[in-house]
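The values are calculated or read from the model by the stated rules, or taken from the named source; none is laboratory data. On a predicted model such as this, the values are computed, not experimentally measured, just so you know. We place every Cβ from the backbone using ideal geometry, glycine too, and count neighbours over all the protein chains shown.
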Amino acid sequence: MHDSEYILDTNNLEQQTLLELIRSTSDCIFLTGKAGTGKSTLLRYIHEHSKKTHILLASTGIAALNIGGQTIHSFFKLPLRPLPPEDPDLQRNKIFKSFRYSSEHRKLIRSLEMIIIDEISMVRADVIDAIDKILRAYTARPYQPFGGIQMLFVGDLYQLEPVVRAEDRQILDVYYRSHYFFAARVFNSAEYDRCYLLGIELRKVYRQEEAQFVEILDRVRAGQMTSHDLELLNNRVVPNYQPEKENLVITLASRRDRVAAINEECLRQIEGRTYRIGGVVDGDFPKANLPTEEELILKEGAQVMLLTNDRDKRWANGTIAVIEHIDLEEEKITIRLEDGSLHAVERNVWENNRYTYDEEDGEIITETLGMFTQYPLRLAWAITIHKSQGLTFERVVIDFTDRIFASGQTYVALSRCRSLEGMTLRAPIHMRDIIARPEIARYYEQMNNAELLGDAFARAEANQHYLQANTEWKQGRYSDAIVSFRTAVEGNNQLSNPLYLRLLCQRLGRVEQMAQELRTLRRELEDGRKRLRALSEEHVQMGNECLIEAHDPEAALRCYAKAIDYDIRSLEARLGQARAYRMQKDRNKQLSALREAEALSPLHATVLYELGKYYSSYAMYEESIEPLARLIAQDTAHIPAIELIIKSYERLGDEERAEQFERLLIQAKRRNAGK
């Protein structure tokens with residue numbers, strides 16, 4: 001794909017947050033959003049631009065074809081039966097026998113940094129737990145969720161739900177409160193190896209332009225449709241609607257037999273020659289994954305759907321057209337688009353791919369197992385709601401004469417149309433047709449949670465310090481390693497995580513004393529903090545002596561910098577730096593040091609006073625008022641601050657405020673005199 005196809009909206013905060021999470025963290029992510037928010041475009045962008053070694057998987061064969069990846073079941077060789085947590089095949093001592101992978105496939109798994117799974121709404125929780133256990137085993141990282149591989153799940157849970165047969169439901173309900181992927185135990189364990197699952201919901205809609213219709217769809221999606229919404233939708237009911245021939249209208253129905261019957265009848269009504277056009281399967285290409293019929297039965301005048309994106313952007317996957325002419329000798333089919341333009345469509349080649357690992361180059365390569373060659377067309381007077389997911393149309397007839405039997409079906413069908421005016425219903429919608437799962441609404445409350453996202457970035461930063469500490473220890477830089485380790489623990493305490501404990505014990509060389517080392521390490525960590533603070537205070541004192549006694553700001557600054565190395569939160573060191581820079585008459589660095597001190601302790605009296613004094617000394621009287629006012633608000637007896645703020649108001653010509661603080665000054669002096 002050419003990069004220009006995947007230009008993102010730089011003003012879309014959710015998109016940018018997602019890209020940063022992928023770049024800087026290893027946490028698992030759920031990318032969601034209602035119809036038209038650009039999930040597919042963003043997924044393709046990530047695939048093209050991410051520097052992480054990754055693969056694309058999907059829940060169904062067609063979805064895998066659309067993204068150029070594999071199905072979950074083919075990649076992991078999962079059986080189609082339920083996979084409860086206590087399944088014998090998933091136990092640690094049997095997993096290598098139950099799921100046998102080639103040497104090449106094992107190397108591929110170990111090379112992965114990220115796995116992207118599309119259409120996650122249809123993936124069951126037990127499948128996710130099975131993937132977690134397999135990855136832990138084959139990466140040899142049993143204490144890390146998914147073997148330390150970042151998982152990116154993409155889909156809209158308000159759309160089509162996991163398919164669970166009645167006999168499977170009885171098994172799975174014993175272990176899971178919900179069948180949706182987020183109910184997997186790996187995301188809900190209270191143990192040390194619980195996986196953080198961050199939710200990013202894209203909010204900006206790029207598809208529908210009719211605001212009222214978008215609002216109705218939002219309420220249908222969440223199962224909150226009002227009686228007024230129902231009335232507006234049912235105003236579109238025309239039971240015996242017959243579209244005009246020149247209008248390209250597609251019918252959405254819930255059952256495949258109903259769709260087949262509509263397409264066959266419409267094709268039968270067209271007079272003229274019937275063309276039977278065979279496709280070619282070369283190699284391994286499962287019939288269930290074929291994007292269209294192996295033998296197309298078409299006529300000139302038939303309404304079809306295009307199944308590929310045109311390189312020249314004349315049409316996209318899902319565009320409706322009419323066959324104008326079929327020339328089998330030239331192997332071209334001419335189509336007419338809705339705007340009347342004519343275009344030749346040639347055969348397309350789809351590939352059935354799998355991922356393999358090139359050990360020599362150390363790269364993931366895509367191996368083609370088989371190819372399917374056929375015209376990228378499908379009869380399209382009607383299509384199932386299931387297959388319409390991800391597509392949009394100008395004019396849609398929705399056939400709800402068969403019952404709605406799955407959560408999200410009504411929303412998927414309604415949201416395929418660009419506008420309310422372009423939609424026609426064969427039968428009225430009823431409130432009972434709006435099936436929305438309450439557990440989804442509860443789960444979506446966590447989307448775009450600023451606190452959880454902030455914690456994720458903090459964990460990622462701490463993890464970098466853990467890695468740095470490990471590297472420094474290996475290099476024999478023990479003091480630096482302790483400092484890095486302390487910083488890491490302050491950002492993300494992992495002292496109860498067996499993986500980190502084992503690493504610590506290995507570095508200390510006493511694996512057999514793991515429990516004792518943990519207690520010792522905790523004591524040493526606290527002692528180390530105290531020693532570092534003491535060293536920091538000692539260097540602050542040395543810096544003060546250099547300033548006061550030797551009048552040597554350069555030597556003082558070296559001492560203060562060392563103090564900060566020992567204790568990054570040393571307030572006195574920042575204040576000392578400010579005094580040294582003032583002696584050097586470097587006002588910019590003086591202000592920078594004071595700002596750092598303020599960031600460490602925004603309400604510290606000395607910091608606020610020094611800031612006020614700094615601004616006042618450079619005749620920046622307006623700027624001096626804010627820190628001085630904050631100081632006086634918490635200490636109305638701070639006479640130097642009151643005197644300084646009076647001076648600032650006088651220089652600004654604000655006599656009224658100056659007199660106000662003059663009265664406060666008198667009161668403060670009286671209180672101090674009475675002490």
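Looking for something among the aromatic types (F, W, Y) and assigned to a loop (DSSP other than H, G, I, E, B) - is there at least one such residue anywhere in region 237-259?
First, the residues of region 237-259 that are among the aromatic types (F, W, Y): 241.
Filter again for assigned to a loop (DSSP other than H, G, I, E, B), leaving 241.
Yes, region 237-259 contains at least one residue that is among the aromatic types (F, W, Y) and assigned to a loop (DSSP other than H, G, I, E, B).
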Quiz prompt | Single residue of Q516, Q506 found to be at pLDDT below 65, surrounded by fewer than 16 Cβ atoms within 10 Å (Cβ to Cβ) and in a helix (DSSP H, G or I) | solution = Q506
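Taking the conditions exactly as written (among the polar types (S, T, N, Q) and buried (at least 19 other Cβ atoms within 10 Å of the Cβ)), does S40 satisfy them or not? Walk me through how you get there before you give the answer.
Numbers: among the polar types (S, T, N, Q): yes; buried (at least 19 other Cβ atoms within 10 Å of the Cβ): no.
Answer is no for this residue.
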Exercise. Scan region 359-402 residue by residue and report those that are assigned to a loop (DSSP other than H, G, I, E, B), in contact (Cβ under 8 Å) with a residue 40 or more places away in the chain and under 31 Å from the mean Cα position of the chain (by Cα).
Key: E359, G362, Q389, G390, L391, T392, E394
Self-check item: Hey, E324 among the acidic types (D, E), over 38 Å from the mean Cα position of the chain (by Cα) and surrounded by fewer than 14 Cβ atoms within 10 Å (Cβ to Cβ) or not
Solution: no
Quiz item: Before we move on, is Y355 touching a residue at least 12 places away in the same chain (Cβ under 8 Å), among the aromatic types (F, W, Y) and assigned to a strand (DSSP E or B)?
Solution: yes
Exercise. Residues being in contact (Cβ under 8 Å) with a residue 40 or more places away in the chain and charged (D, E, K, R): count how many of those fall in region 287-319.
Key: 2
Self-check item: Given (1) at pLDDT 90 or above; (2) closer than 27 Å to D282 by Cα; (3) among the acidic types (D, E), index of the condition E324 fails
Solution: (2)
Quiz prompt | Pick from region 558-577, criterion surrounded by fewer than 17 Cβ atoms within 10 Å (Cβ to Cβ) and among the aliphatic types (A, V, I, L, M), ranking: farthest from L591 (Cα to Cα) | solution = I568
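If we only count helices (runs of 4 or more DSSP H) wholly inside region 620-675, which ones have 1 or more residues that are of a type outside the set (A, V, I, L, M) and modelled with pLDDT under 90?
Details: elements: 621-634, 639-652, 655-674.
Hits in region 620-675: 655-674.
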Practice problem: Return the only residue of I120, I72 being in contact with a Gly (Cβ under 8 Å, 6 or more places away or on another chain), in the same structural domain as R177 (by TED's automatic domain parsing) and at pLDDT 90 or above. | Solution: I120
Quiz item: So D312 clears everything in (1) surrounded by fewer than 19 Cβ atoms within 10 Å (Cβ to Cβ); (2) within 18 Å of E394 (Cα to Cα); (3) modelled with pLDDT under 85 except one condition, right? Which one?
Solution: (2)
Quiz item: Counting just the residues of region 154-165 that are buried (at least 23 other Cβ atoms within 10 Å of the Cβ) and hydrophobic (A, V, I, L, M, F, W, C), which one comes out nearest to Y101 (Cα to Cα)?
Solution: V154
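Out of curiosity, is N66 under 23 Å from R203 (Cα atoms), modelled with pLDDT under 90 and out of contact with any helix residue (DSSP H, G or I) (no Cβ under 7 Å at 6 or more places or on another chain)?
On the way: under 23 Å from R203 (Cα atoms): no; modelled with pLDDT under 90: yes; out of contact with any helix residue (DSSP H, G or I) (no Cβ under 7 Å at 6 or more places or on another chain): yes.
When the stated conditions are applied, N66 does not pass them.
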Practice problem: Say whether the condition of being touching a Pro at 6+ places or on another chain (Cβ under 9 Å), touching a residue at least 60 places away in the same chain (Cβ under 8 Å), over 30 Å from I67 (Cβ atoms) and surrounded by fewer than 16 Cβ atoms within 10 Å (Cβ to Cβ) is met by at least one residue in region 244-264. | Solution: no
Exercise. Would you confirm whether any residue within region 439-454 is under 24 Å from E215 (Cβ atoms) and surrounded by 21 or more Cβ atoms within 10 Å (Cβ to Cβ)?
Key: yes
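With the requirement that a residue be hydrophobic (A, V, I, L, M, F, W, C) and either assigned by TED's automatic domain parsing to the domain that holds N544 or in contact with a helix residue (DSSP H, G or I) (Cβ under 6 Å, 6 or more places away or on another chain) (or both), what does region 606-634 give you? Reasoning before the result, please.
Of all residues in region 606-634, those hydrophobic (A, V, I, L, M, F, W, C) come to 607-608, 611, 619-620, 625, 628-629, 631-633.
Of everything in region 606-634, those that are hydrophobic (A, V, I, L, M, F, W, C) and either assigned by TED's automatic domain parsing to the domain that holds N544 or in contact with a helix residue (DSSP H, G or I) (Cβ under 6 Å, 6 or more places away or on another chain) (or both) turn out to be V607, L608, L611, I625, L628, L631, I632.
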Quiz item: Within the set of pairs 6 or more residues apart or between chains, which connect a residue that is of a type in the set (S, T, N, Q) inside region 639-668 to a residue that is in a helix (DSSP H, G or I) with Cβ atoms less than 7 Å apart?
Solution: S648/S616; S648/Y621; S648/S624; S648/I625
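For region 562-594, which residues satisfy the criterion of being under 43 Å from the mean Cα position of the chain (by Cα) and free of Cβ contacts under 8 Å to residues at least 12 places away in the same chain?
Filtering region 562-594 down to residues under 43 Å from the mean Cα position of the chain (by Cα) leaves 562-575, 577-578, 588-594.
Listed by number, the residues that qualify are N588, S592.
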Quiz item: Quick one: is L603 exposed (fewer than 14 other Cβ atoms within 10 Å of the Cβ), under 53 Å from the mean Cα position of the chain (by Cα) and either outside the structural domain of Q577 (by TED's automatic domain parsing) or part of a loop (DSSP other than H, G, I, E, B) (or both)?
Solution: yes
Self-check item: Extreme residue, farthest from L252 (Cα to Cα), among residues of region 418-431 that are in contact with a helix residue (DSSP H, G or I) (Cβ under 8 Å, 6 or more places away or on another chain) and either surrounded by 23 or more Cβ atoms within 10 Å (Cβ to Cβ) or hydrophobic (A, V, I, L, M, F, W, C) (or both)
Solution: M431
